[in-house]
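The values are calculated or read from the model by the stated rules, or taken from the named source; none is laboratory data. Everything quoted here is computed from the prediction, not taken from an experiment. Neighbour counts are summed over all protein chains in view; Cβ atoms, including those assigned to glycine, are modelled from backbone coordinates with ideal geometry.
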Amino acid sequence: MILFLKGIQWETINNSFAERYVEFLGHHLEESEEYYEDNIPALSNLGDQIKTLCLQLGINYSTINDVHELTVDHRSDDRRYAELNDLIHYYEREQNNYPPRWGYRNGNSAMELEDSDYDYFTVDRTYGYLYVMYPHVARHFAEAVIANDPKGTIEPQTLARPNFFCWLGKDSIVSDKFALMAQAFIDRHKLSYDLSDKKLALGYIPFAKLKDESIDLRKRLRDDTTRI
């Protein structure tokens, strides 16, 4: 099955989840909004922006993770908390040298994950692949591992919304490295997580791949996406 977005073709990955999810997108993608971080003008000096917004909201800035937990608790109360949450995620990706994201977000319809869907979660990233976004108002386990911070609400993914992102960087095959890091994290903090439990939902589920890998997606999307 071919998925057309921005005049670009993606091929649906050949598994039961991808087929169901693409059908789900056909009914619900219109409720989501497109975004492209390369086209967001205010992504410089992110640390200063976060501290300034914390000051406006009366938040005592301690660590990024502590502030993030506050945005989880309150972002429905004040739009500025949602803005702060976005800035924190931009900052974390910048600190980890991750590429900008393009995709769709803020759709609310939900598709429950089936048991077999958990077989497709991965921490690896491949150029031009589309990945389902984490939908919960919390943190997923891989995020806690990368931050080396077990505090706060860690909730495995149990559903998918019409929200996804495209990996715009080079292939990142890190499963073996991440497994060692995750086990060290569990041991260090004396946690009870079992890495063999697929319901831990490590990473994201890919559901489509770029048909023509020679396309420079960052340039194509930068030229074509409305600034937000």
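A Cβ distance below 6 Å, combined with a sequence gap of six or more or placement on separate chains, defines the contacts here; from the range 212-228, residues that are more than 13 Å from residue 6 (Cβ to Cβ) reach residues that are at pLDDT below 80 in the pairs 227/39. Annotation: residue 50 fulfils all but one of (1) more than 25 Å from residue 184 (Cα to Cα); (2) touching a helix residue (DSSP H, G or I) at 6+ places or on another chain (Cβ under 9 Å); (3) assigned to a loop (DSSP other than H, G, I, E, B); the unmet one is (3). In a residue-by-residue description of the range 141-152, the property of being in a loop (DSSP other than H, G, I, E, B), surrounded by 20 or more Cβ atoms within 10 Å (Cβ to Cβ) and not β-branched (Val, Ile, Thr) applies to no position.
Consider the range 107-125 and keep the residues that are farther than 17 Å from residue 200 by Cβ and buried (at least 18 other Cβ atoms within 10 Å of the Cβ). The one that is nearest to the chain's Cα centre (by Cα) is 125. Note on the range 153-184: residues that are closer than 18 Å to residue 118 by Cβ and either among the small types (Gly, Ala, Ser) or assigned to a loop (DSSP other than H, G, I, E, B) (or both) total 9. Residues of the range 203-216 that are buried (at least 16 other Cβ atoms within 10 Å of the Cβ) and either more than 21 Å from residue 12 (Cα to Cα) or β-branched (Val, Ile, Thr) (or both): 205 alone.
This table checks each residue for (1) buried (at least 18 other Cβ atoms within 10 Å of the Cβ); (2) free of Cβ contacts under 8 Å to residues at least 40 places away in the same chain; (3) under 25 Å from residue 121 (Cα atoms).
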{"position": "2", "(1), (2), (3)": "no, no, yes"}
{"position": "8", "(1), (2), (3)": "no, no, yes"}
{"position": "13", "(1), (2), (3)": "yes, no, yes"}
{"position": "26", "(1), (2), (3)": "no, yes, yes"}
{"position": "48", "(1), (2), (3)": "no, yes, no"}
{"position": "59", "(1), (2), (3)": "yes, yes, no"}
{"position": "62", "(1), (2), (3)": "no, yes, no"}
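For the range 153-183, taking the residues that are among the small types (Gly, Ala, Ser) and in contact with a Ser or Thr (Cβ under 9 Å, 6 or more places away or on another chain), the one that is surrounded by the fewest Cβ atoms within 10 Å (Cβ to Cβ) is identified as 175.
Tally time: how many residues in the range 141-160 are in contact with an Asp or Glu (Cβ under 9 Å, 6 or more places away or on another chain) and within 17 Å of residue 207 (Cβ to Cβ)? Summing the residues that are in contact with an Asp or Glu (Cβ under 9 Å, 6 or more places away or on another chain) and within 17 Å of residue 207 (Cβ to Cβ) in the range 141-160 gives 3. Does residue 103 meet the test of being in a loop (DSSP other than H, G, I, E, B), in contact (Cβ under 8 Å) with a residue 12 or more places away in the chain and within 30 Å of residue 220 (Cβ to Cβ)? No: the conditions fail for residue 103. In the range 181-200, the residues that are aromatic (Phe, Trp, Tyr) reach residues that are surrounded by 13 or more Cβ atoms within 10 Å (Cβ to Cβ) with C-beta atoms within less than 7 angstrom, at least six apart or across chains, in these pairs: 185/145; 193/141; 193/186; 193/200. Listed by first and then second residue, the pairs linking a residue in the range 68-92 that is part of a loop (DSSP other than H, G, I, E, B) to a residue that is modelled with pLDDT of 70 or more and β-branched (Val, Ile, Thr), with Cβ atoms under 7 Å apart and 6 or more places separating them unless they lie on different chains, form an empty list.
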